[in-house]
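Following: one structure in structure tokens, then a few remarks.
The values are calculated or read from the model by the stated rules, or taken from the named source; none is laboratory data. Just so you know, these numbers come straight off a predicted model, no measurement behind them. Positions of Cβ are generated from backbone atoms using ideal geometry, with glycine treated the same way; all protein chains shown enter the neighbour counts.
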Amino acid sequence: MRQQSFPKFSARLPEWLRDALRDRYFWAMLIVALLLNLGLFAFLLALLPQLPPFVPLHFDSAGAPDRIEDKLAILSLPQIGLVIIGLNFALGAAAYRRETLVSYLLSGVAIGTQFLLWFAAIDVMRAVIT
């Protein structure tokens, strides 16, 4: 009986995506962004039992809360981060063949955004847990 050979998974991908997925720096930045997001999610889940039922999620220019929601709404921060990671890395992979630097820039922006989300989460926690 003759074995049927299947093409490699990467052979079925578009060429522009294959090029981006071969780049170690692209992968490294994706992994760093995902680890930062996973850490944020774990941090928020660990502190969730200590939160009051309603938490301030937005503050005005004077520092007074102007948006108060259920404590589970704080988990929207890592969700927003995942959307940003997905969009930036998809756009970066699409731009990789023409402009490698643009794909690195988009990847770096995704990492920077994760840090901003961390700062936002810490700011909310400082306002609530005192």
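Counting only helices (runs of 4 or more DSSP H) wholly contained in the range 11-130, the ones carrying 1 or more residues that are within 16 Å of the chain's Cα centre (by Cα) and surrounded by 15 or more Cβ atoms within 10 Å (Cβ to Cβ) occupy 24-47, 76-95, 100-128.
Of all residues in the range 25-36, those that are within 17 Å of Leu117 (Cα to Cα) and at pLDDT below 95 have Cβ atoms under 7 Å from Cβ atoms of residues that are among the aromatic types (Phe, Trp, Tyr) and part of a helix (DSSP H, G or I), 6 or more apart or on another chain, in Leu30/Phe89.
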